[in-house]
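The values are calculated or read from the model by the stated rules, or taken from the named source; none is laboratory data. In this text the structure is predicted, and so the values were computed from the model without any measurement. A quick note on method: Cβ atoms are made from the backbone with ideal geometry, for glycine too, and the neighbour counts reach across all protein chains shown. Ligands, DNA and RNA are stripped out before the accessible areas are found, and what is left, the full protein with its side chains, is counted by its heavy atoms. Shrake-Rupley method; radii C 1.70, N 1.55, O 1.52, S 1.80 Å.
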Amino acid sequence: MSKRKTLIKVKPNKYKNGDIVKVSFMVMHPMETGLRKDKTTGKFIPAEYIKNVKFEYNGKVFTNMNIWETLSVNPVLTTYMKVDGEGVLKVTFTDNEGAVEESSQKIKPKG
């Protein structure tokens with residue numbers, strides 16, 4: 001699997017130590033179930049979907065999501081985390097074929 005486009009958004013944009021922030025993760029992914037047929041060939045399109053998404057802050061997992069085939073194309077997954085100083089937010093996802101990809105963003109609280 002080639003590197004997919006991803007986006008991590010933290011809301012609100014300005015936060016300080018101790019704040020709870022909303023973390024949204026979007027990945028460009030087809031999320032094929034393996035049950036849909038190609039209209040031109042009539043053959044089933046192979047399954048290709050995200051199985052697991054792990055959210056980490058400074059190396060500690062704060063959310064782990066198990067996903068299945070029926071999630072929409074280009075899914076957006078949202079969770080919340082407590083800001084505890086400057087650090088790195090990392091999101092890692094694994095697909096049904098075993099490919100693992102990660103995306104990260106620096107967290108810099110103000111105040």
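Among THR78, THR6, which is out of contact with any Asp or Glu (no Cβ under 8 Å at 6 or more places or on another chain) and not basic (Lys, Arg)?
On inspection, the qualifying residue turns out to be THR78.
Does ILE107 meet the test of being in contact with a Gly (Cβ under 6 Å, 6 or more places away or on another chain) and open to solvent by less than 50 Å² (accessible area, probe 1.4 Å)?
Here the answer is yes, as ILE107 does meet what is asked.
Whether any residue in segment 25-38 is closer than 30 Å to LYS110 by Cβ, over 13 Å from the mean Cα position of the chain (by Cα), surrounded by 15 or more Cβ atoms within 10 Å (Cβ to Cβ) and of a type in the set (A, V, I, L, M, F, W, C) is what I want to check.
No, the conditions are met nowhere in segment 25-38.
Which ones in segment 66-102 are open to solvent by less than 60 Å² (accessible area, probe 1.4 Å), closer than 22 Å to GLU32 by Cα and in contact (Cβ under 8 Å) with a residue 60 or more places away in the chain?
Hits for segment 66-102 are VAL91, PHE93, ASP95, ALA99, GLU101.
Just the residues that are closer than 17 Å to THR6 by Cβ and in contact with an Asp or Glu (Cβ under 8 Å, 6 or more places away or on another chain), please, taken from segment 43-56.
GLU48, TYR49, ILE50, LYS51 - these are the residues of segment 43-56 that are closer than 17 Å to THR6 by Cβ and in contact with an Asp or Glu (Cβ under 8 Å, 6 or more places away or on another chain).
When only residues in segment 54-65 that are assigned to a strand (DSSP E or B) and open to solvent by 60 Å² or more (accessible area, probe 1.4 Å) count, which is nearest to TYR15 (Cα to Cα)?
If we take residues in segment 54-65 being assigned to a strand (DSSP E or B) and open to solvent by 60 Å² or more (accessible area, probe 1.4 Å), then PHE62 is nearest to TYR15 (Cα to Cα).
For segment 67-74, check the following and say yes or no: at least one residue is at pLDDT 95 or above and in contact with a strand residue (DSSP E or B) (Cβ under 6 Å, 6 or more places away or on another chain).
Looking for residues that are at pLDDT 95 or above and in contact with a strand residue (DSSP E or B) (Cβ under 6 Å, 6 or more places away or on another chain), one finds none in segment 67-74, hence no.
Hey, any hits in segment 41-52 for a residue that's open to solvent by 40 Å² or more (accessible area, probe 1.4 Å), in contact (Cβ under 8 Å) with a residue 24 or more places away in the chain and either in contact with a Lys or Arg (Cβ under 6 Å, 6 or more places away or on another chain) or of a type in the set (Lys, Arg) (or both)?
yes
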